[in-house]
Amino acid sequence: MKDKLTDANFPRTADNRVYHLGLRPGEIANRIVTVGSPSRALTIATHFDEEPKKFRLVSERGFQTITGRYKGVPVSVISIGMGAPNMDFFVREARESIAGDMVIIRLGSCGSLNYTSAPVGTVVVPKACVSITRNVDFDFGSSNDEHIEEKAYRISRPVSDDLQLHQLIVSSLEKARALEDESKIVGDLVNASADSFYSSQGRLTSFPDHNAHLVEELLQQIDNLGTLEMETHHLYHLAKCWNNRPNQAFTDPNLDHTGPPLTTGPVRPVTLTSSPSGVTSDNAPIPATIMDSKIHVSAAQIVFAARTSADRDFITPERVQAIEEWGGKGVLEALIAYHVPIERLHPEKGSVWSMQNV
């Protein structure tokens, strides 16, 4: 890192690019599909309109953003990789780059803890999520769990998604599903998001993780638990935090988050498709966030593995491709069906989705 950071609290380049996503205002729409896999993002983007041409950017940190229009409505798809930390980068930096409301749908993968309700190939729209975190204060060197009062893993309270968006996703997926596809679409299950793929999901490795009975305990403690993955709880949680934030966040100067660029720092995004002319100028001001702006979130998760079945079966690549195709179209339909008043949208002028740039 050769460039001096003038403020490490929220790094941003001189042309208003956020530090990890590499985006600046006008390159990300209010309606967003977020995925883990870069290839899934490309699949979803094939449904975008031909005009305006798709804007595509890959940051040095590996976040990929594709922005355009779907049936005339500005949308973005962003691949973020895996885990809650990457979800945190995405939600926070996207929030700082968009004026107005945000509507976010995660299209991801998960494991099933209820193979009768959600067999492999099911698309689950979780109504709520809990978080599972490894308790680093636990004595993992101990050989006997029975004499340890403290738990090795902590389970949070559930947090819900946006009910209207949830219902739109379920209905849109049902309409988008191919006639010959027998995949189930389930909308009444709870999801658990773990802070790791192995220990906090009850997978047994050579590490002394004290997790042999974790899945069993989860099923006993959480009603309607059906799936397990690593990102969705953090998405739901951050949306809840934003929507319930105190009003002082907009009056206390110490909490100002719409100020001038903070750094000329090291973000050098790679633009794979040239930006349309007229996109936000290098020194354009950061748009002010609407005081009562909201973040509306939900998710659709493809069951890749049946964790509790006798065969522990796993999805085939061909089935993944098929579900991603119609599932991607389904979440886009839900995204544009969710009403956001025009006055609560990011300005179109100078954006990559502006028809004036065509």
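The values are calculated or read from the model by the stated rules, or taken from the named source; none is laboratory data. All figures in this text were calculated on a predicted structure; none of them were measured in a lab. Here the Cβ is made from the backbone with ideal geometry for all residues, glycine too, and neighbour counts use every protein chain on show. Heavy atoms of the whole protein, side chains included, go into the accessibility calculation; ligands, DNA and RNA do not. Shrake-Rupley method; radii C 1.70, N 1.55, O 1.52, S 1.80 Å.
The single condition among (1) modelled with pLDDT of 95 or more; (2) open to solvent by less than 50 Å² (accessible area, probe 1.4 Å); (3) closer than 30 Å to residue 245 by Cα; (4) not acidic (Asp, Glu) that residue 294 does not meet is (2).
Could you count how many residues in the range 64-97 are in a loop (DSSP other than H, G, I, E, B) and at pLDDT 95 or above? Can you show your working first?
Step one: of the range 64-97, the residues in a loop (DSSP other than H, G, I, E, B) are 71-72, 80-83, 96-97.
Restricting the remaining residues to those that are at pLDDT 95 or above gives 71-72, 80-83.
Total satisfying the criteria: 6.
Taken over the range 146-193, the criterion of being at pLDDT 95 or above, part of a loop (DSSP other than H, G, I, E, B), open to solvent by 20 Å² or more (accessible area, probe 1.4 Å) and farther than 20 Å from residue 220 by Cα is satisfied by 161, 162, 177, 184, 187.
Condition first: open to solvent by less than 20 Å² (accessible area, probe 1.4 Å) and either under 20 Å from residue 349 (Cβ atoms) or assigned to a helix (DSSP H, G or I) (or both). Now tell me which residues in the range 18-30 satisfy that. Spell out the reasoning first.
As a first pass, look at the range 18-30 and keep what is open to solvent by less than 20 Å² (accessible area, probe 1.4 Å): 18, 21-23, 25-30.
If the condition is that a residue be open to solvent by less than 20 Å² (accessible area, probe 1.4 Å) and either under 20 Å from residue 349 (Cβ atoms) or assigned to a helix (DSSP H, G or I) (or both), then 23, 25, 26, 27, 28, 29, 30 are the ones that fit.
Out of 109, 117, 143, I need the residue that is within 16 Å of the chain's Cα centre (by Cα) and open to solvent by 30 Å² or more (accessible area, probe 1.4 Å). Which one? Write out each step before concluding.
Details: 117 fails: within 16 Å of the chain's Cα centre (by Cα); 143 fails: within 16 Å of the chain's Cα centre (by Cα).
Criteria check complete, one pass: 109.
Per this entry, residue 41 is counted among residues that are under 13 Å from the mean Cα position of the chain (by Cα) and without any contact (Cβ under 8 Å) to a residue 40 or more places away in the chain.
Residues that are more than 23 Å from residue 39 (Cβ to Cβ), touching a strand residue (DSSP E or B) at 6+ places or on another chain (Cβ under 9 Å) and assigned to a loop (DSSP other than H, G, I, E, B) within the range 299-352 comprise 307, 308, 309, 312, 338, 340, 345, 346, 348, 351, listed in sequence order.
Restricting the range 36-65 to residues that are open to solvent by 20 Å² or more (accessible area, probe 1.4 Å) and of a type in the set (A, V, I, L, M) leaves a set whose member that is farthest from residue 331 (Cα to Cα) is 58.
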